[in-house]
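Q: Before I ask anything, here is the structure I am working with.
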Amino acid sequence: MKIKIYISTLIAFCLSITLRAQDKELFERETFISDGDTLLYRILYPENFDRDKTYPLVLFLHGAGERGNDNKKQLVHGSSLFLQEENREKYPAVVVFPQCPKEDYWSNVSVTRNEAGKRSFDFSPEGPPTKAMQLVLSMMDSLKQLATTDQSRIYMAGLSMGGMGTFEIVKRRPKLFAAAMPICGGGNPDDASLYADQVAFWIFHGAKDDIVDPAHSEKMYQALRAEGANVKFSLYPEANHNSWDPAFAEPEFMSWLFSKSK
């Protein structure tokens, strides 16, 4: 009897893993090409997608560890949230996860390490976007023009390097996004005045983050507040760099995002 129970449990466990893997394949594999450069991305359409309707568009930028060219790793964090049946039913949307090449970065930032290996980030107030960011900008400009895109409800989220990319892309397209959710990222506080009156923000960070100093998010929060922005900040006292876990667990994460419009 015990053997049968064990086998049944093992089968159920393996089946659940298989189903989860299959779920992520609902994100279709796509390629965007601009001026000879290629951006790999995955795209999730709403259930019963109707080309005669309009839907919110969500862009999600992954962290540095998910860079590459497999068009797969970028789905490690965040994709499951948009695949949950309840969320797909309540918040039908087109969701896009691009993948940054290994040698590139979403944000125009200088990353250095001291002798102890501690990273520091210097966010450039000027200069052109990185090649990866320029491709994302071009892709979003293209997706915005689709007849199925609700132009008043285009959203932005990202974690770590993608959290930095969130501030970066909003700076470069302030009129495009209705709301942005940067997680354990950062940006240049001097840029806040460029988009404070355009975009609603919910910023997340872990107080014990030893990869990206939470001070980066705190400075952005304070800068946006000073400019009168619609902004909130969740600092998790016990979270390290993986503050995306408590962020994704926020009961109002999805409802807050999809409630915003231009």
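Q: Once phi is turned into θ = phi - 60°, what whole-Hz ³J(HN,Hα) does the Karplus curve with 6.51, -1.76 and 1.60 give for every residue of region 96-111, x standing for Gly and Pro?
A: Those phi angles translate into 10, 10, x, 10, 7, x, 4, 8, 10, 8, 5, 9, 7, 9, 9, 10 Hz.
Q: To the nearest 20 Debye, how big is the dipole of region 28-258 about its Cα centre, given +1 on the beta carbon of each Lys and Arg and -1 on that of each Asp and Glu?
A: Here the size comes out at about 180 debye.
Q: Something else: Whole-Å semi-axes of the chain's equivalent ellipsoid, largest first, each the root of 5 times a Cα gyration tensor eigenvalue?
A: Largest first, the chain gives 29, 23, 19 Å.
Q: Separate question: Tell me the label-point distance for the pair Ala64, Gln145, using the 7 Å Cα-to-Cβ offset, in nm and rounded to one decimal.
A: Here the answer is 3.5 nm between the modelled labels.
Q: What nm distance separates the two modelled labels at Glu85 and Lys208, each placed 7 Å from Cα along Cα→Cβ?
A: Roughly 3.6 nm, to one decimal.
Q: Can you give the extra length, in nm with one decimal, that the chain gains between Ser124 and Glu25 once fully stretched, where that is 0.36 nm per residue apart less the Cα-Cα distance?
A: 32.0 nm
Rule-based calculations on the coordinates, nothing more; no lab input. Because the structure is predicted, anything quoted here is derived from the model rather than measured. Every residue, glycine among them, receives a Cβ derived from its backbone with ideal geometry; neighbour counts consider all protein chains shown.
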